[in-house]
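**Q** Dumping the structure here so I can ask a few things about it.
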Amino acid sequence: MRAVLAPPHDCHQRRRLYAEQGLLVPAYTDPTTGYRYYAPEQAARARLIARLRRLGLSVARVAQLVELDAQSRLIELRSWLDAQNERLSEQTELVEAIARQTDGGDADLISAIAVREVAACKLISCQRQLDIEALDAFLATAQAEIRGYLRHCGIASDGAMTVHFHETVSRDSEGLVEVAIAYEGGIEPVDDLRIRLQAARREVFLPVPAACENFPLILRVYDAIETWLDARTDINSSGSPYEIYPGSNGASFDVAYPIMFPS
């Protein structure tokens, strides 16, 4: 005996879509009225589909999940939920960043900003186009490759590392990132490693507090420096920002912008 799973009237279009997609095929369709009838044993699948759709998942993704065993489906959903929570955390911080911009910035961070002179040096570097998810892995592999090559060439490999953000890097967009290490001596470029001279310059910098080291909270540091720069009429930024490892005053790293004083 068949039973009708009695959905609200506004579910009619979705039920038809599910049937067309093979996601929830009715046990019987009345050829005269077009009513779809479902067997009692389909009730659990229907409830699962409805709950997955309420999560905002696409029909295609729901179709994948309903075919998994319960444990595998739970693993997938918890992984998805972790990603959603991380995304919400990022969105919250971006809203706070907009608020800080409106309110004039983060006063505690701004008070720690300073300017310093930086001597010219030679850099060996590696570049990659990537998003924020791939950043940490690239920093680790690029640093290991560069320091390994310096050691291979018999040159001290303990120079400071700088990470230059030539373009904006986020979860939604890729940007050009350059990992560079200062060195002394004579070497030749190899594979994807490049060599360039970093001219003497002035930079405005901020040691990064431990609480702000990870994305998206690191945006607070960049916002603070940019707010500081916006408030100065005697200083202009002259290039893209970079991070310096290790940092000053006991910080893991500094965030810095090259600057120039208008004539």
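The values are calculated or read from the model by the stated rules, or taken from the named source; none is laboratory data. All of these numbers come straight from a predicted model, not from anything done at the bench. Cβ: placed from backbone, ideal geometry, glycine included. Neighbour counts: every protein chain shown. Only protein heavy atoms, including side chains, enter the accessible area calculation; ligands, DNA and RNA are left aside. Shrake-Rupley method; radii C 1.70, N 1.55, O 1.52, S 1.80 Å.
**Q** Select from the range 199-217 the residues that are over 19 Å from the mean Cα position of the chain (by Cα) and surrounded by 12 or more Cβ atoms within 10 Å (Cβ to Cβ) and list them in ascending order.
**A** Matches in the range 199-217: R201, R202, E203, V204, F205, L206, P207, P209.
**Q** What pairs come out if I take residues in the range 220-245 that are closer than 11 Å to E203 by Cβ and in contact (Cβ under 8 Å) with a residue 12 or more places away in the chain and pair them with residues that are surrounded by 13 or more Cβ atoms within 10 Å (Cβ to Cβ) and among the polar types (S, T, N, Q) whose C-beta lies under 7 Å away, six or more apart or interchain?
**A** Within 7 Å, the pairs are Y242/T162; I244/T162.
**Q** Just to verify a result, which residue in the range 180-198, among those that are of a type in the set (G, A, S) and open to solvent by less than 60 Å² (accessible area, probe 1.4 Å), is nearest to the chain's Cα centre (by Cα)?
**A** Going through the qualifying residues, I end up with A180.
**Q** In this structure, is F165 open to solvent by 20 Å² or more (accessible area, probe 1.4 Å), aromatic (F, W, Y) and out of contact with any strand residue (DSSP E or B) (no Cβ under 9 Å at 6 or more places or on another chain)? Before the answer, list the steps.
**A** On the way: open to solvent by 20 Å² or more (accessible area, probe 1.4 Å): yes; aromatic (F, W, Y): yes; out of contact with any strand residue (DSSP E or B) (no Cβ under 9 Å at 6 or more places or on another chain): no.
When the stated conditions are applied, F165 does not pass them.
**Q** Now for a separate question. I want to confirm something. Restricting to the range 143-160 and keeping residues that are closer than 19 Å to V190 by Cα and in contact (Cβ under 8 Å) with a residue 40 or more places away in the chain, which single residue is most open to solvent (accessible area, probe 1.4 Å)?
**A** Ranking the qualifying residues of the range 143-160, first place goes to E145.
**Q** Regarding the range 171-188, can at least one residue be identified that is touching a residue at least 24 places away in the same chain (Cβ under 8 Å) and closer than 16 Å to V221 by Cβ? Lay out the reasoning, then the answer.
**A** Within the range 171-188, the subset touching a residue at least 24 places away in the same chain (Cβ under 8 Å) is 171-185, 187.
Adding the requirement that they be closer than 16 Å to V221 by Cβ leaves none.
Within the range 171-188, none of the residues are touching a residue at least 24 places away in the same chain (Cβ under 8 Å) and closer than 16 Å to V221 by Cβ.
**Q** What number of residues within the range 218-263 are more than 26 Å from A120 (Cβ to Cβ), open to solvent by 20 Å² or more (accessible area, probe 1.4 Å) and part of a loop (DSSP other than H, G, I, E, B)?
**A** Count: 2.
**Q** Name, by its number, the condition in (1) among the polar types (S, T, N, Q); (2) at pLDDT 85 or above; (3) open to solvent by 60 Å² or more (accessible area, probe 1.4 Å) that does not hold for S72.
**A** (3) is the only condition that S72 fails.
**Q** Starting from residues that are modelled with pLDDT of 95 or more and of a type in the set (K, R), keep the ones in the range 142-171 and report whichever is nearest to Q127 (Cα to Cα).
**A** R147
**Q** Pick from the range 116-142 the residues that are in contact (Cβ under 8 Å) with a residue 40 or more places away in the chain, closer than 19 Å to F253 by Cα and exposed (fewer than 15 other Cβ atoms within 10 Å of the Cβ): which of them is nearest to the chain's Cα centre (by Cα)?
**A** R116
**Q** Sort out which residues of the range 159-217 are among the aromatic types (F, W, Y) and either in a loop (DSSP other than H, G, I, E, B) or in contact with a helix residue (DSSP H, G or I) (Cβ under 7 Å, 6 or more places away or on another chain) (or both), and write them in order of number.
**A** Looking only at the range 159-217, we keep the residues that are among the aromatic types (F, W, Y), and these are 165, 183, 205, 215.
Those that are among the aromatic types (F, W, Y) and either in a loop (DSSP other than H, G, I, E, B) or in contact with a helix residue (DSSP H, G or I) (Cβ under 7 Å, 6 or more places away or on another chain) (or both): Y183, F215.
**Q** Name the pairs whose Cβ atoms lie under 8 Å apart, with the first residue in the range 70-84 and without any contact (Cβ under 8 Å) to a residue 12 or more places away in the chain, the second part of a helix (DSSP H, G or I) and open to solvent by less than 70 Å² (accessible area, probe 1.4 Å), and 6 or more positions between them or separate chains?
**A** Pairs that qualify, where the first residue is without any contact (Cβ under 8 Å) to a residue 12 or more places away in the chain and the partner is part of a helix (DSSP H, G or I) and open to solvent by less than 70 Å² (accessible area, probe 1.4 Å), are R73/L65; R73/V66; E76/L65.
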